[in-house]
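S.K.: Mind looking over this structure? Questions follow.
The values are calculated or read from the model by the stated rules, or taken from the named source; none is laboratory data. Since we're looking at a predicted model, the values are computed, not measured. For neighbour counting, all protein chains shown are included, and Cβ atoms are generated from backbone atoms with ideal geometry for every residue, glycine included. Just so you know, the surface numbers come from the protein's heavy atoms only, side chains and all, with ligands and any DNA or RNA stripped out. Shrake-Rupley method; radii C 1.70, N 1.55, O 1.52, S 1.80 Å.
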Amino acid sequence: MNQATLNKRGRTWNDQPLLPLKNVVLFPHCVITLMVGRDKSIAAVHEAMERSQKLVVAAQRDAEQEDPGTDDIHRIGTLAEIVQFQKQPGGSLQVVLEGLQRVSVDRFVSEQPFFRIKATDLPEIIPESTQVSPLVQQVQGMFERYAKTSRTQAPDAVESVAKLTDPGRLADTLASHLPLELSTRQGLLEMLDESQRLERISALLNNALELLDLDEKIRLRVRQQMDRNQREYYLKEQLKAIHEELGNTQPGEIAELRARLAAKGMPQEIEARIGREIDRLERIPQSSPEGNVIRTFLDTVLALPWTERSDDQLDIDQAQKILDQDHYGLEKVKERIIDFLAVRQLISQGDQARRIKGPILCFIGPPGVGKTSLGRSIARAMGRKFVRLSLGGVRDEAEIRGHRRTYVGALPGRIIQAMRTAGTRNPVIMLDEIDKMSADFRGDPSAALLEVLDPEQNFAFSDHYLDVPYDLSEVMFITTANIRWHIPRPLLDRMETIEIQGYTEEEKVQIAKRFLLPKQIVEHGLLLNQIEVPDRTIRRIIQAYTREAGVRSLERTLASVCRKAARRILRDSSSKVRVNSPILTEFLGPSRYHSQGVIEEAQVGVVMGLAWTEQGGELLPVEVVTMPGKGGFIITGRLGDVMQESARAALSYARSRAEALFIDRAFQESVDLHIHLPEGAIPKDGPSAGVTMFTALVSALTKRPVRNDVVMTGEITLRGRVLAVGGVKEKVLAAHRAGIRRVILPAENRRDLPEIPKKVRDQIQFIWVDNVDQVLQESFLERRGTDHQITEAPPGEPLDQTAPLHEPSGMDEHTVV
């Protein structure tokens, strides 16, 4: 048992357990509840329970210290008695302690398994009651006022304090009720003079009452400024009122905005306008919704590049090298970029103050030919930032010009957002799929782009959200489209269009070897020496498994080959896979397309034409069949109005030339005609199938077979003339991909011949015609004996319109297939 002895200082407690406390100071005559979880503390509590239920508690100097040492514990503590003891789940203890007496820790006897100390009672200095009685009453009154104002004290606490007359016990009780810092509580515990301790409590209560009065003043001011609809802004208003008491309305925010504005280097009139907005923000209450709108606006404006530029890479040789590394072919586009850089270099060597306007280019071509990736390569070659905007499906003008700030949730348009993303005044901005925009009741976005893409206007582009002019003249805009006539004419007139045609077979082979195949090998975890795809295998993939103007399908097919090769390497533990023709068939299955045209033999009423779609050139077969009837004319295959008119024009011309073509003039009285273009689910339109339908009609009516190794395109008139058509290069490439080597074209389209790659020109026989008689002469088969033979006629030589084209005898034996 503990042995207590008396000396001049008080009793001495030998070998007493000590319990360190975190952020807690226990005063004599006060009761607290503790959760004890540390091993040493639990052992100290168990030791006290086994002995006299008494132990010494002292506060730690550092509450974060989990395993305090002797130097981490204050030397003045409290002797406490364990009033209640309860075990908790997890091994912790809930202990209720009552403070008995201030003690001084004289010496630490041991630290394991818990702190054992030698402690001595600290006698308190008791003042005369006559000197301290007024102070007791004053402190009791102050605490009662504090309890009413703060509303944090229980009523029984106020009653118990009012009954205390002992100054020391009153001071200790109040110290346990007031929200004080740990150091302040420890200082009160170490004060032995009851009078001084009570005076300190009086001062602390006075400070607490002043803070409560100030808080109440702030609350009252905030309540006066708020209405019922602004109660959710209470905390913000309270913070504002606190800043007003400190003399600082919005610390740092306004000063930061003004500093950012000064550093931007905006034009003077725009800087003055933004400065006025900052002044408005300074006057508006912080919780006002308008204040948030102004802050968002200022953040947007100050985040835009006003003077920041990226230095152009003016080395045209290096730029050419980068463009060649990223794309094969596309010489026109590369040449245009190099021209621009050459002009920039000359200007930079001369007048340093001049700045060339950014070009506005429009890449038009079928999908998969590299339009979008080319824009990224141009930015890399020029050393500029690149931002891509997809305009497909955009139908709201506000997408381009932004929303006015009067609308909730207003945002700037996509152009301004792209400039903010780029961070420079001269980026490369790609407006992708510009032909896919549409208009509705919200406005026409293509009309809004007129200002953006006009070099004479875009130096002062007006976004509805910014409401200040912004200079876009140094931006290099690149737009992409699949079909030219889907772009509004005023918009097309403002751009420099560059046609990107479909690739030839040789170009696809080179693109696959240099770009697509190495990329897919890496993406599928293979090494370059683990798979070999010979050129002839790539050609077979192009001919038998893809049919497109671009290379997207080719890339997907090569990806499939790489996946199959990866599986074979893992399954068979092969070190290398060589993809030859048998392995290719195993990987991809049977051929999807035939290298020859779809017409396998000369037939009556079947002619192969050419079409131009957004996917590139395509073969367009035309079939005509005759049947007993009364002059009916049926057109099927989802033909548009223009194509139906071409079919009627072809029929009208055939009727007008019935005698010369050896057609019965009264055929419409007993024959119905049916024109059909296969793949009926696909809409078709345009005038370029006129000669094809005319040839098929004449073949069906005269029972003359049409050569199966020839394709044609051209618009027909009622006088039999053949007019020029568009998309000649794409159509010729489609014929070349299908293995057809004779192409009939309007003579006016000779001007398009240089656009066709030389390798293709060398492999195709072009037949230039001015009228349909020449078309028939080059299309029909001669009959010699019993076999059909092809006779070559000099291309371009017209037939005698008054004489029969061919001997018609024996043609009735041919049937429509």
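S.K.: Compare the Cα positions of 545, 530, 512 along the charge dipole of the stretch 512-570 (+1 at Cβ of Lys, Arg; -1 at Cβ of Asp, Glu; about the Cα centre) and return the one farthest towards the positive end.
M.R.: Result: 545.
S.K.: For a quick check: with amide H placed at 1.01 Å from N, whose amide H comes under 5 Å from residue 19's, ignoring anything fewer than 5 positions away on the same chain?
M.R.: When sequence neighbours closer than 5 places are left aside, the close amide H contacts are 56, 57, 58.
S.K.: For the Cα atoms of the chain, what angle does the longest principal axis make with the long axis of helix 167-177, in degrees from 0 to 90, nearest 10?
M.R.: 10 degrees
S.K.: Quick one: Karplus J couplings for the stretch 494-502, per residue in order, coefficients 6.51, -1.76, 1.60, θ = phi - 60°, nearest Hz, x for Gly and Pro?
M.R.: 8, 10, 8, 7, 10, 7, 10, 7, x
S.K.: Taking amide H positions as placed in the peptide plane 1.01 Å from N, state which residues far from residue 426 in sequence (5 or more) or on other chains have amide H under 5 Å from it.
M.R.: Under 5 Å from the amide H of residue 426: 310.
S.K.: Please compare each pair in 371/729; 334/508; 321/729; 371/436; 332/371; 385/508 to a cut-off of 20 Å on the Cα-Cα distance and tell me which ones are over it. Provide the component values of the computation, followed by the final result.
M.R.: Details: 371/729 18 Å; 334/508 18 Å; 321/729 27 Å; 371/436 15 Å; 332/371 13 Å; 385/508 29 Å.
Over 20 Å apart, Cα to Cα: 321/729; 385/508.
S.K.: Where both partners of a DSSP beta bridge lie in the chain, what percent of those bridges are antiparallel, to the nearest 5?
M.R.: 60 percent
S.K.: Continuing with this model, one more query. Please give the peptides 61-73, 181-193, 253-265 ranked by average Cβ packing (other Cβ atoms within 10 Å per residue), highest first, as a rough proxy for protection.
M.R.: 181-193, 253-265, 61-73
S.K.: Now for a different question. Name the residues whose placed amide hydrogens come within less than 5 Å of the amide hydrogen of residue 613, ignoring near sequence neighbours (fewer than 5 apart) on the same chain.
M.R.: So residue 613 has HN proximity to 618.
S.K.: In square angstrom, what is the accessible area per residue of the chain with a 1.4 angstrom probe?
M.R.: For the chain, the solvent-accessible area averages 48 Å² per residue.
S.K.: I've got another one for you. Rounded to the nearest percent, how much of the accessible area of the stretch 332-460 (1.4 Å probe, protein heavy atoms only) is carbon and sulfur?
M.R.: Carbon with sulfur: 51 percent of the solvent-accessible area.
S.K.: On the full set of protein chains, 1.4 Å probe, figure out the accessible area of residue 30 and give it in Å² to the nearest 10.
M.R.: The accessible area of residue 30 comes to roughly 10 Å².
S.K.: So if I place +1 on the C-beta of Lys and Arg and -1 on the C-beta of Asp and Glu, and nothing else carries charge, what would the dipole magnitude of the stretch 393-478 be about its Cα centre? I want it in debye, nearest 20.
M.R.: Taking the Cα centre of the stretch 393-478 as origin, the dipole is about 380 debye.
S.K.: So, one more: Pop out the ³J(HN,Hα) list for the stretch 730-745 in order, Karplus 6.51 cos²θ - 1.76 cosθ + 1.60 with θ = phi - 60°, rounded to Hz; leave Gly and Pro as x.
M.R.: 4, 5, 5, 5, 5, 5, 5, 5, 7, x, 8, 10, 10, 10, 9, 10
S.K.: Moving on to the next point. Restricting to Cα pairs below 8 Å that are 6+ residues apart, what does the relative contact order work out to for the stretch 526-628? Please round to a whole percent.
M.R.: Normalised by residue count, the contact order of the stretch 526-628 is 29 percent.
S.K.: Now for a different question. Mean separation of Cα pairs under 8 Å and 6+ residues apart, divided by the residue count of the stretch 1-140: what relative contact order is that in percent? Numbers along the way, then the final one.
M.R.: On the way: 284 pairs, mean separation 40.6, N = 140.
Reported relative contact order: 29 percent.
S.K.: Follow-up. Where does the charge balance sit around residue 752 when Lys and Arg score +1, Asp and Glu -1, over other residues with C-beta under 15 Å from its C-beta?
M.R.: Charge balance in the 15 Å sphere: +3.
S.K.: What accessible surface, in Å², does a 1.4 Å probe find on residue 13, ignoring ligands, DNA and RNA and rounding to the nearest 10?
M.R.: That residue has around 20 Å² of solvent-accessible surface.
S.K.: Return one quarter of the surface area of the convex hull spanned by the alpha-carbon atoms of the chain, equal to its mean projected area, in nm². Could you put the intermediate results ahead of the total?
M.R.: Numbers: hull surface 239.1 nm².
Its Cα hull, projected and averaged over all orientations, spans 59.8 nm².
S.K.: Also, quick follow-up: May I ask for the net charge around residue 398, where only other residues with Cβ less than 15 Å from the Cβ of residue 398 are counted and Lys, Arg are +1 while Asp, Glu are -1?
M.R.: Around residue 398, the surrounding residues sum to -2.
S.K.: Given charges of +1 on the Cβ of Lys and Arg and -1 on the Cβ of Asp and Glu, with all other atoms neutral, how large is the dipole of the stretch 553-662 about its Cα centre, in debye to the nearest 20?
M.R.: Computed charge dipole of the stretch 553-662: roughly 680 debye.
S.K.: Ignoring ligands and nucleic acids, what accessible area does residue 50 show with a 1.4 Å probe (Å², nearest 10)?
M.R.: 150 Å²
S.K.: What ranking of 497, 702 comes out by heavy-atom accessible area, probe 1.4 Å, highest first? Write down the numbers at each step before the final one.
M.R.: Numbers: 497 45, 702 15 Å².
Sorted descending by solvent-accessible area, the residues read 497, 702.
S.K.: For the chain, what does the relative contact order come out to in percent, with C-alpha contacts under 8 Å and a separation of six or more?
M.R.: 7 percent
S.K.: Whole-Hz ³J(HN,Hα) for each residue in the stretch 71-79, computed from phi via Karplus 6.51 cos²θ - 1.76 cosθ + 1.60 with θ = phi - 60°, x for glycine and proline: what do you get?
M.R.: Couplings: 6, 8, 10, 5, 8, 10, x, 9, 7 Hz.
S.K.: Sort 373-379, 692-698 by the packing proxy (mean of other Cβ within 10 Å over each peptide's residues), most packed first.
M.R.: Result, highest mean first: 692-698, 373-379.
S.K.: Next up: Roughly how big is the chain's charge dipole about its Cα centre, with Cβ charges of +1 (Lys, Arg) and -1 (Asp, Glu), in debye to the nearest 20?
M.R.: Dipole about the Cα centre, nearest 20: 1060 debye.
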